[in-house]
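Please read the structure below before turning to the comments.
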Amino acid sequence: MNGMRAILLLLIFPLSAQAVVSRADLEQAATNLAQRHQIPVSLMQALIQVESNWKTDAVSRAGAIGLMQLMPGTAARFNVDPYDPLQNLSGGARYLSWLIQRYNRLDLALAAYNAGEGAVDRHGDIPPYPETQRYVQKVLGLYGQSTALVRSVHRIRGYHLMRAF
């Protein structure tokens, strides 16, 4: 029934801030969006857990907003209101899907989600920022991927050890 309620909310309030959304509804919306954008549901859930701990009102020191911690520029790029939880999920799912397609490596897509595409492009790998390296390992750990694969990428540059899926 919760899944049907989330779908009805999306139809009645098409990604609108007017809807008061429960945690169960947010989880169902995240599941639906992950499936729509061909992202494993457990990956989407892991990313949200690390980004905001499912707090819709989370704002980082860097200015990232909401469940999926969208930067204002990213929200504008995907034409979403980052303060609206359902739009935030939609924008974050589309951005993550786009990053996975762009880099064709899950570790690099996650690094770009955290540190920005420019940082990943400049370094050609996971940037040497401790925060980003911990972030990638944490998301992959919650997702159920081995962090040993992530560490080995640093030793064998240019070899795609970790494909997106």
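The values are calculated or read from the model by the stated rules, or taken from the named source; none is laboratory data. This is a predicted model, so every value here is computed, not measured. As a convention, Cβ positions derive from the backbone with ideal geometry for all residues, glycine included, and neighbour counts pool all protein chains shown.
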Query - Residue count for region 45-103, restricted to those that are outside any helix (DSSP H, G or I), among the aliphatic types (A, V, I, L, M) and over 14 Å from the mean Cα position of the chain (by Cα) - result: 4
Requested in this report: State whether the residues of region 76-89 include one that is within 21 Å of residue 140 (Cα to Cα), buried (at least 24 other Cβ atoms within 10 Å of the Cβ) and out of contact with any Lys or Arg (no Cβ under 6 Å at 6 or more places or on another chain).
Outcome: yes
Report summary line: Taking region 148-165 and the residues there that are surrounded by 14 or more Cβ atoms within 10 Å (Cβ to Cβ) and within 18 Å of the chain's Cα centre (by Cα), the one that is modelled with the highest pLDDT would be 164
Query raised in the report: Quick check: anything in region 132-146 in contact with an Asp or Glu (Cβ under 6 Å, 6 or more places away or on another chain) and modelled with pLDDT of 95 or more?
Result: yes
Report summary line: Residue pairs within 8 Å by beta carbon, gap of at least six or interchain, first lying in region 114-129 and loosely packed, with under 15 Cβ neighbours inside 10 Å, second part of a loop (DSSP other than H, G, I, E, B), listed first then second, are 124/157; 124/158
Report task. Assess whether residue 101 counts as being of a type in the set (S, T, N, Q) and farther than 14 Å from residue 30 by Cβ. Result -> yes
Query - Residues located in region 22-57, provided they are buried (at least 20 other Cβ atoms within 10 Å of the Cβ), touching a residue at least 60 places away in the same chain (Cβ under 8 Å) and small (Gly, Ala, Ser) - result: 29, 30, 46
